[in-house]
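See below for the structure under consideration.
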Amino acid sequence: MTMKEYVIAGADVLLDDFAFHKRCVTVRNGGISEISLSPPEGLERIDAAGLRLLPGLVETHFHGAQGVTFQCPDREGVKKVAAFEASMGITSIFPTISSSADDVAQGAIRTIRAAAEEGTAGAKIRGIHLEGPFLSEEYRGAHPKEDLFIPSPERLDVYRKAGGDWIRILTIAPEINGAEETIRYARRHSITVELGHSGADYATAMKAIDLGANVATHTFNAMRPLRHRDPGVLGAVLTDGRVTCEVICDMRHVEEPVVRLIYLAKGADLINIVSDSMYGAGLPEGVYHMEGRTRTVKDGLAYLDDGTISGSACTSMHGFRNLVGMGIPVEEVSKMASRNPARTAGILDKTGTITVGKDADLILLNPALEVVSTFVEGRCVYGGGTR
């Protein structure tokens, strides 16, 4: 269904005060043009009685899905992932590239950039996330040791030349030589800086936060442990109100009691739900060989041969449902899945809330939190717009 002007009527709408209201949302030319008590006359009407209308999810950290990896993608593969993400209620995506050889990274950046500039029939590509190569060797996780590099503005500029303004997020370990200068350079170019894959002590992490780092990459995963006399990077990101914490909410990367601890420490306004999914998301369980490595997809996770967890096979919508299942209100979970990641990625002026003037990036959910329809810039890219 493709319509330039229509109204979604009858739904309980989660407005930008993050409370539900019985409202009608009018969409014109891809944007939200009006929010009213009754539907305007003369427009095609989508009957959404019994459904909830929420802002589409914003996924800022994932590495692929449906057999496609962003390490060596082709344009059609990127678009295939965008379509899959839309089916899961995700309307904005930031394809994430792991640490890799320069030619591989630059090739992936150029391909994702080309797909973004062409546009997709699914979730909208809003930018690229570089998860590395400026990471701690000790806390590199599944990132190959040989693909790690000393951070520098010059090396980051290599990636910027390949990706231009599409490079929007950078994960970096702040304790590595050259990190401070690289953080400063990234912030000058409006790149969100995340602290991750790090063994930094508390003071080093706090200095990076003072320089503008304001997100923690998959909090608790691939980080120096939290100790009562050695708070480290976790002590910094969990207690500083300037920092938003990414959380992989598959309940396997981080067990539920620790997810609850993060929620108690940060609140709904300072958490980003991410999936960290890899190409196994949307695929059946089994053994797969891609990127020159073998991974086993099982129970929503991907494992390397040595048992190291190498990403999730779930999506951020799975995380959304898991948090609601913990007893966190849908209204708060929506902040973590939509508004907060849009804010930290610098796109809150365009998406992330249901607000007049923003893009019509919307999802209709049934009472079981299943996606009925997904709208990206007003286009219905999944479902038929009705029950």
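The values are calculated or read from the model by the stated rules, or taken from the named source; none is laboratory data. Because the structure is a prediction, the values reported are computed rather than measured. Counting neighbours? That spans all protein chains shown, and the Cβs are built from the backbone with ideal geometry, glycine included. We work out accessible area using only protein heavy atoms, side chains counted, and drop any ligands, DNA or RNA first. Shrake-Rupley method; radii C 1.70, N 1.55, O 1.52, S 1.80 Å.
Kindly establish whether A108 is touching an Asp or Glu at 6+ places or on another chain (Cβ under 6 Å) and either more than 19 Å from A345 (Cα to Cα) or in contact (Cβ under 8 Å) with a residue 60 or more places away in the chain (or both). Step through it out loud before you land on a result.
Numbers: touching an Asp or Glu at 6+ places or on another chain (Cβ under 6 Å): no; either more than 19 Å from A345 (Cα to Cα) or in contact (Cβ under 8 Å) with a residue 60 or more places away in the chain (or both): yes.
So A108 does not fit the description; no.
Mind checking whether some residue in segment 332-348 is in contact with a helix residue (DSSP H, G or I) (Cβ under 8 Å, 6 or more places away or on another chain), open to solvent by 40 Å² or more (accessible area, probe 1.4 Å) and without any contact (Cβ under 8 Å) to a residue 24 or more places away in the chain?
Looking for residues that are in contact with a helix residue (DSSP H, G or I) (Cβ under 8 Å, 6 or more places away or on another chain), open to solvent by 40 Å² or more (accessible area, probe 1.4 Å) and without any contact (Cβ under 8 Å) to a residue 24 or more places away in the chain, one finds at least one in segment 332-348, hence yes.
Scan segment 25-81 for residues that are basic (K, R) and either in contact with a strand residue (DSSP E or B) (Cβ under 8 Å, 6 or more places away or on another chain) or open to solvent by less than 30 Å² (accessible area, probe 1.4 Å) (or both) and jot them down. Step through it out loud before you land on a result.
Our first condition is that a residue be basic (K, R); within segment 25-81, this holds for 28, 45, 52, 75, 79-80.
Across segment 25-81, the qualifying residues are R28, R45, R52, K80.
Taking the residues in segment 115-132 that are touching a residue at least 24 places away in the same chain (Cβ under 8 Å) and in a helix (DSSP H, G or I) as candidates, determine which candidate is farthest from E377 (Cα to Cα).
Ranking the qualifying residues of segment 115-132, first place goes to A115.
Within segment 209-222, which residues are touching a helix residue (DSSP H, G or I) at 6+ places or on another chain (Cβ under 9 Å), surrounded by fewer than 24 Cβ atoms within 10 Å (Cβ to Cβ) and free of Cβ contacts under 8 Å to residues at least 40 places away in the same chain?
Filtering segment 209-222 for residues touching a helix residue (DSSP H, G or I) at 6+ places or on another chain (Cβ under 9 Å) gives 209, 211-216, 219-220.
Among the residues that remain, those that are also surrounded by fewer than 24 Cβ atoms within 10 Å (Cβ to Cβ) are: 209, 211-212, 214, 220.
Within segment 209-222, I209, L211, G212 qualify.
Just to be sure I understand, how many residues within segment 315-338 are closer than 22 Å to V243 by Cα, assigned to a helix (DSSP H, G or I) and either more than 13 Å from the chain's Cα centre (by Cα) or of a type outside the set (K, R) (or both)?
11
Within segment 279-298, track down each residue that is in a loop (DSSP other than H, G, I, E, B) and over 21 Å from the mean Cα position of the chain (by Cα).
Within segment 279-298, the first condition is being in a loop (DSSP other than H, G, I, E, B), and the residues that meet it are 279-285, 291-292.
Selection gives P284, E285, E291, G292.
So in segment 82-99, with the set limited to residues that are open to solvent by 10 Å² or more (accessible area, probe 1.4 Å) and among the polar types (S, T, N, Q), which one is nearest to G311 (Cα to Cα)? Don't jump to the end; show me each part of the working.
The first filter runs over segment 82-99 and keeps only residues open to solvent by 10 Å² or more (accessible area, probe 1.4 Å), leaving 83-84, 87-88, 98.
Checking the rest, the ones that are also among the polar types (S, T, N, Q) come to 87, 98.
Numbers: S87: 20, S98: 11 Å.
Only one residue fits best here, namely S98.
Which residues, taken from segment 243-265, are farther than 19 Å from R343 by Cβ, open to solvent by less than 90 Å² (accessible area, probe 1.4 Å) and part of a loop (DSSP other than H, G, I, E, B)?
Result: D250, M251, H253, V254.
Pick out the one residue from A108, A65 that is small (G, A, S) and more than 23 Å from G383 (Cα to Cα).
On the way: A65 fails: more than 23 Å from G383 (Cα to Cα).
Only one candidate passes the filter, namely A108.
Can you tell me how many residues within segment 54-105 are acidic (D, E) and part of a strand (DSSP E or B)? Step through it out loud before you land on a result.
First, pick out the residues of segment 54-105 that are acidic (D, E): 59, 74, 76, 85, 102-103.
Now restrict to residues that are part of a strand (DSSP E or B): 59.
Here the count works out to 1.
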